[in-house]
Every structure is written in C-alpha cells, then in structure tokens.
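Read the structure below first, then the notes.
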Amino acid sequence: MPFGEQPAYLRVASDLRKKIADGSLPPHARLPSQARIREEYGVSDTVALEARKVLMAEGLVEGRSGSGTYVRELPAARRVSRTGYRSLGECTPFRQEQSDERVQGTWESQSEQEDAPADIAERLFIERGERVMRTRYVFHVDGAPVMLSTSWEPLAVTGRTPVMLPEEGPLGGRGVVERMAAIDLVVDNVTEEVGTRPGRAEEMTALGGVPGHAVLVIARTYLAGKRPVETADVVVPADRFRLAYHLPVK
C-alpha cells in the first residue's frame, strides 16, 4: 500500500462520517445497508462491514435489533468547570466536582469501608490494605445522570471522627475542604490528572451511555500540606462534556 493511502474501509468510513457531519445523513437516519455500501463504493462485504464497525466504535451510529443501523443524535457538549478546591462555605460534593455556579445538580451516594487497593494506597501515601472509606457518587443535572465519582479517604485520618462518613454527621454532604477543617486539617493543595479510557459497563449503565465509548477520568487528590486526605476518580462521558480549567496566576 503506498505511503499515506488509507485502507478501503477507512476511506468508506471517512466519507460516511462527512455525510453525518454535513447533515446528508441526519440524526435518526438509517445508515446505508451493507449491500448498498458495497454497491455505492465498489467494495467487498468485508470492507462495508468494517466501515460500519468504525462508525459504531466512534459512537456516530447505533444498531437497532431487527431494524438496522441508524445515525445517533449526539448531545451538545456541556462544560465541566474545574477551579481546584473550594474555600469554606456552602460547598457540596456537586460544587466540588462542577464549580460553575450556574449549574444546579443533585447527587446520590453510598459509603463503605474497604482495604485500599494498590493504586489508591499509592495515591494516599498509605500501605496497600490499609482501611479507607470509599464513597460512590452519581451526580444529576435536570434529573439526568451526568457524572460519576468514587472517592477514598484514609481512616487513619478520618476514623473515629465526626466526618468519617462523608454524607452523614454534622458536616454530611459538605465538601472535603470544610470537612477536613473540622478535624484541624487545612487543605491547601489539590492535584488533578486527566485521562481517557473506554467506559466500563457498570459506568455507562449508570450514565445512560454505551459500554466501550470513551470517558474522561479526572484523578483528583486533596492534600493538607504533603498529606493526601482524599483521592477520587471523576468519570464523565467524553462525547458529552468538555473540561474547562480556571487556573489563577500567582
């Protein structure tokens, strides 16, 4: 194959992608059948099938049992604003994850103790197997799930204190900064690493998406001095959201 020449299935997928982008194949339109693709582009059944698979993997089309393959209606990307940790005050877990004050949301949560997995122990500067409080969140905007978060807090820090359970007690439902301040720990730094990976089945089920489609993962850690007091993985569908950071210059 000459340098720069695409395989036939990618050329077909590229042309169909352009038709979706320019509206020639609008949302909910049926994608040309495998036989139609074969005839229109002069390719084999195998090439036609692989081109359709590419568009499915990209989330541009979806199969409907017994009906065919249709163009998906892609939602307009919403902005998730990130500005680091929040100061004391009316800070909730939702505000902690979405700092845009214009966005109103609710959340569900579930906490339980577990032994720290190796990767979480490394992020918290503790030994693998030490006890942590794991809290899983599902965040909603306008009644629809938009974001997941799983947080871990070392029980060596919060155990036997009023803030051991993030959603219970006198500061239940407040953010990490305020809760830690209540036990004399001043959160003064936060780190975030952003990556992407295929969404896991349980994540996409909770978010109303398709397993395997890309998600953005924000690995966030709150620190009091050099001591991590909480770390979390925030998961949002990559096709629905953009991350917007506001980083003040000091």
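The table for this structure:
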quantity	calculated
Subset of the range 160-190 [without any contact (Cβ under 8 Å) to a residue 24 or more places away in the chain, within 21 Å of Gly225 (Cβ to Cβ) and more than 27 Å from the chain's Cα centre (by Cα)]	Thr161, Ala182, Asp184
Top-ranked residue of the range 54-75 - restricted to ones that are touching a Ser or Thr at 6+ places or on another chain (Cβ under 9 Å), open to solvent by less than 30 Å² (accessible area, probe 1.4 Å) and outside any helix (DSSP H, G or I), ranked as farthest from Val236 (Cα to Cα)	Gly68
Answer from Asp15, Asp22 - the residue that is at pLDDT 75 or above, open to solvent by 30 Å² or more (accessible area, probe 1.4 Å) and touching a helix residue (DSSP H, G or I) at 6+ places or on another chain (Cβ under 8 Å)	Asp15
Test: residue in the range 39-50 that is at pLDDT 90 or above, open to solvent by 50 Å² or more (accessible area, probe 1.4 Å) and part of a strand (DSSP E or B)	no
Odd one out for Met147, checked against (1) surrounded by fewer than 20 Cβ atoms within 10 Å (Cβ to Cβ); (2) in contact with a Gly (Cβ under 9 Å, 6 or more places away or on another chain); (3) in a strand (DSSP E or B)	(1)
Any chance Arg220 is farther than 24 Å from Asp119 by Cα and in a strand (DSSP E or B)	no
Residues that are hydroxyl-bearing (Ser, Thr, Tyr) and at pLDDT below 95, drawn from the range 126-148	Tyr137
The range 198-210 residues that are over 19 Å from Glu58 (Cβ atoms), paired with ones that are modelled with pLDDT of 90 or more and β-branched (Val, Ile, Thr) (beta carbon under 8 Å, 6 or more apart)	Ala206/Val138
Unmet requirement for Thr106, which otherwise passes all of (1) at pLDDT below 95; (2) open to solvent by less than 30 Å² (accessible area, probe 1.4 Å); (3) over 16 Å from the mean Cα position of the chain (by Cα)	(2)
Unmet requirement for Glu130, which otherwise passes all of (1) of a type outside the set (A, V, I, L, M, F, W, C); (2) under 21 Å from Gln113 (Cα atoms); (3) open to solvent by 40 Å² or more (accessible area, probe 1.4 Å); (4) free of Cβ contacts under 8 Å to residues at least 12 places away in the same chain	(4)
Output for the range 206-216, where each listed residue is surrounded by fewer than 19 Cβ atoms within 10 Å (Cβ to Cβ) and modelled with pLDDT of 90 or more	Ala206
Criterion violated by Val186 - all others in (1) surrounded by fewer than 15 Cβ atoms within 10 Å (Cβ to Cβ); (2) at pLDDT 90 or above; (3) outside any loop (DSSP other than H, G, I, E, B) satisfied	(3)
Residues satisfying the stated conditions in the range 159-183, i.e. open to solvent by 30 Å² or more (accessible area, probe 1.4 Å) and not in a loop (DSSP other than H, G, I, E, B)	Glu178, Ala181
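The values are calculated or read from the model by the stated rules, or taken from the named source; none is laboratory data. For clarity, every value in this text was computed on a predicted model and none was experimentally measured. Note: ideal-geometry Cβ built from the backbone for every residue, glycine included; neighbour counts use all protein chains shown. For the accessible areas, the whole protein counts, side chains as well, though only heavy atoms, and no ligand, DNA or RNA atoms are used. Shrake-Rupley method; radii C 1.70, N 1.55, O 1.52, S 1.80 Å.
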